[in-house]
Amino acid sequence: MIPQEAFEALRQVVGPEYISQEPEVCRAYTLKDRGFHTSEARLLGRDPVCVVLPGTTEEVQAIVKIANRYKIGYTPASTLWFPQAGPRFDNCLFIDLKRFNTLEIDPINMNATCGSGVIFAQLQAEALKYGLYTMVPGGGSQVGVVPNHLIWSFSPLTYRTGMANRRIMGCEWVLPSGEVVRLGSLASGSDPFWGEGIGPDLRGILRGSIGWFGSLGIVTKMCVRLFPFHNEPLVPTGISPDTYLKFPEHRMKWYNFTCPSKDALVNFMYDLGHAEIAAAATRVPVAWRYIAKAKSKEDFWEVWNKPEGKEAEVTGSHVLRVLLVGYTSEKQLQYEEKVLMAIAEKHGAEHRRTFQGDQSWMQSADSVSMWWLTGAFMSVTGQVDTIDCGIKTGVEFAKLKKKFEPPMMPDYGDQGWFQTNDFGHSGYLEFLNYWDPNDKEEMIHRMDEYYQIAGPKLLIRCGALSFFIQTDSPLSLDGPNYGPNYHKFARKVKDALDPLYNCNPPGILDVIDEVVEKAPWLKEKKDWEGGPDPRAIEGFGV
Ligand SMILES: Cc1cc2nc3c(=O)[nH]c(=O)nc-3n(C[C@H](O)[C@H](O)[C@H](O)COP(=O)(O)OP(=O)(O)OC[C@H]3O[C@@H](n4cnc5c(N)ncnc54)[C@H](O)[C@@H]3O)c2cc1C
């Protein structure tokens, strides 16, 4: 429970309609049974004791100040698609931001100002009406624009649209103290068109490489960049669940190429970047092709579960998918196609027919299909790094994973999903894994070891900076190895801005260390010093 006095104060802020302590209402916000199945969700997940839905920045400020006065821990959340948007400590005050649902497009300056409850499907639908677009995260368009820009924001379309830290323009940020700071030109006016100025540019603190997952204040409003697209409609086609956006083929097209080797595929990617063509270039895991063809889960397993010849098929498959968009005209597409085919010829890549529509990247929400195979899914690394580092890490993970099959679904040596970002200036690797959440306990513990100990140690050996650092890895292990000692700098920022440590505890810095402490099967494998900061786990609102 939170103190009755605090509850009354919160009720006065938001009104009786937007606050509840009813167990049934709180249960809807639980982390424990939300379907994530990770060690964090299983070991730390629980129900909040109070849920509050503010509607204005002033209300958020007032809530944060009340939480500070009574030392109540709170968790902010927008669309709840990640475990850190779940209660992981006792007496959690849950701040649901879905009422921040305003969306304003500025077609002249090519940006959109979103409240934290706005999702990508809404933003993309409105942007397309103006001949503009943005990337939609691989996880699907059902997730919030603001939280996604605050933490990750990657997809094949980042090849052209670039990284999220450069797509964030103005921003309104309620600090853990309850004060508001406005970034970019919002600091000096109401037009958020200019991310770098005139006001303070704190985007490095706000998110840097990855963000704070709600443990360094609450962003109530953010202006994000949009990019020129074309004006042709992407027609919704098909009958649910087999729906897709049909491409206007004179303005956008997928091209699949079978490359003779992995080296040829990688060099193909480099050349695309040098030529500055295309909207996306990605190599997808072979299992995804089987998923796309399967009519049902049983259908998938029927073919995937036949190991004979699979390893050779998977490791010998080098299919590159390239998306071309005639942004300015049909002629642009024709020109880029000519360049693309010349590059393909140079690398001996064979052009294959492919489906001309989109179910994933433009506006759709197919991330739930990730759970479909086994009932649980999580990547063990995702990284934006040099292309070569991504390739090397994928090779090493393919070897490591074999030792963890089972419990992981076999993928016959697949070396991961990789693509290029920023016109080939950086690479991207994501290494995906599926397991059965109803497996025997010892198998679930093996799975935990893979994510929380073996995987993080391999990343250190590869010199790879995963963007799941801290959502998967203990900071006490990573901190000394990256930077080195980046944890000291991160801790200083947290101490300065959230000295009470009540902003989404245990916070992104301490959460996996707490998991290791609470899981004897992980703790016995721990061979390094350090653990969670006691301030992050000491209990709040008691
Ligand atoms: C299967 C799957 C695949 C995915 N693939 C990708 C991918 O390819 N690319 C990609 O970019 N992402 C991917 N994601 C991440 C996903 O797309 C979400 O953006 C991300 O999980 C955040 O979830 P959310 O938007 O629902 O925000 P929430 O889950 O509501 O919040 C996420 C975090 O941000 C905090 N938070 C929420 N709102 C605010 C706010 N206003 N101010 C401060 N903190 C806040 C929360 O406390 C929480 O810690 C994937 C997720 C899944 C489950």
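Summary of computed values
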quantity	calculated
Share of pairwise Cα separations in the chain, more than 33 Å, in percent	42
Formal net charge of residues neighbouring Asp106 (Cβ-Cβ distance under 12 Å; K, R +1; D, E -1)	-2
Heavy-atom accessible area per residue - the chain, 1.4 Å, Å²	40
Pairs from Lys129/Lys246; Lys401/Lys457; Lys262/Lys293; Lys32/Lys402; Lys262/Lys297 whose Cα-Cα separation, in the structure shown, is over 19 Å	Lys262/Lys293; Lys32/Lys402; Lys262/Lys297
Cβ-derived FRET efficiency at R0 25 Å, Gln12 paired with Arg99, nearest 0.05	0.90
Centre separation in Å (Cα based) which lies between the stretch 136-202 and the stretch 387-458	29
Segment Asn305-Glu441, extension gain: residue separation times 0.36 nm, minus the distance between their alpha carbons	46.7 nm
Three-way shape call for the stretch 303-361 based on the alpha-carbon gyration tensor, with the a/c threshold at 1.5	oblate
Helix-only CD estimate at 222 nm, as mean residue ellipticity for the chain, using -39500 (n - 2.57) per DSSP H run (n ≥ 4)	-9500 deg cm²/dmol
Under Karplus coefficients 6.51, -1.76 and 1.60, residue-wise ³J(HN,Hα) of the stretch 523-531 in Hz, glycine/proline x	4, 5, 9, 6, 10, 9, 8, x, x
The stretch 1-153, Cα convex hull volume normalised per residue, Å³	119
R0 of 35 Å, Cβ-Cβ distance Val395-Ala342: FRET efficiency to nearest 0.05	0.75
Modelled FRET efficiency - R0 35 Å, Arg46 with Ser240, Cβ distances, 0.05 increments	0.50
Cα shape, the stretch 72-193, gyration tensor, a/c 1.5 rule	oblate
Kirkwood-Stokes translational diffusion coefficient of the stretch 475-537, alpha-carbon pairs, 25 °C, 0.890 mPa s, µm²/s	202
Karplus (6.51, -1.76, 1.60) ³J(HN,Hα), θ = phi - 60°, over the stretch 404-418, in Hz, Gly and Pro reported as x	10, 10, x, x, 6, 4, x, 10, 6, x, 4, 9, x, 8, 9
The stretch 242-462 shape via C-alpha gyration tensor axes, a/c threshold 1.5	prolate
Trypsin sites (Lys or Arg not before Pro) restricted to the stretch 191-300 and DSSP loop, no more than 13 other C-beta within 10 Å	Lys295
Mean separation of Cα contacts under 8 Å, 6 or more apart, over the residue count of the chain: relative contact order %	16
Mean projection area, nm², convex hull over Cα of the stretch 399-542	10.8
Cut-off under 5 Å, modelled amide H: who pairs with Ser379 long-range	Asn433
Asn111 long-range amide H proximity, modeled H, under 5 Å	Asp106, Leu226
Cα-centre dipole for the chain with unit charges at Cβ (Lys and Arg positive, Asp and Glu negative), debye to 20	500
Estimated D of the stretch 163-273 in µm² per second, where Rh is the Kirkwood radius over Cα pairs and Stokes-Einstein applies at 4 °C, 1.567 mPa s	72
Excluding exposed DSSP-loop GluC sites (Glu not before Pro) (at most 10 other C-beta within 10 Å), longest clean stretch of the chain	1-307
Rounded to whole Hz, the Karplus (6.51, -1.76, 1.60) HN-Hα couplings of the stretch 196-207, x for glycine and proline	7, x, 6, x, x, 9, 9, 5, x, 7, 4, 9
Carbon plus sulfur fraction of accessible area for the chain, probe 1.4 Å, in percent	54
Relative packing of peptides 482-491, 404-413 - highest average C-beta neighbours within 10 Å first	404-413, 482-491
Total charge dipole magnitude, the stretch 4-96, about the Cα centre, Cβ charges on Lys, Arg, Asp, Glu only, Debye to nearest 20	360
Residues whose placed amide H lies under 5 Å from that of Ser215, excluding near-sequence neighbours	Ile508
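The values are calculated or read from the model by the stated rules, or taken from the named source; none is laboratory data. Predicted, not measured: the structure shown is a model, and the values here were computed from it. When we count neighbours, we look across all protein chains shown, and the Cβ atoms used for this are built from the backbone with ideal geometry, even at glycine. Areas reflect the complete protein model, heavy atoms only, side chains present, ligands, DNA and RNA absent. Shrake-Rupley method; radii C 1.70, N 1.55, O 1.52, S 1.80 Å.
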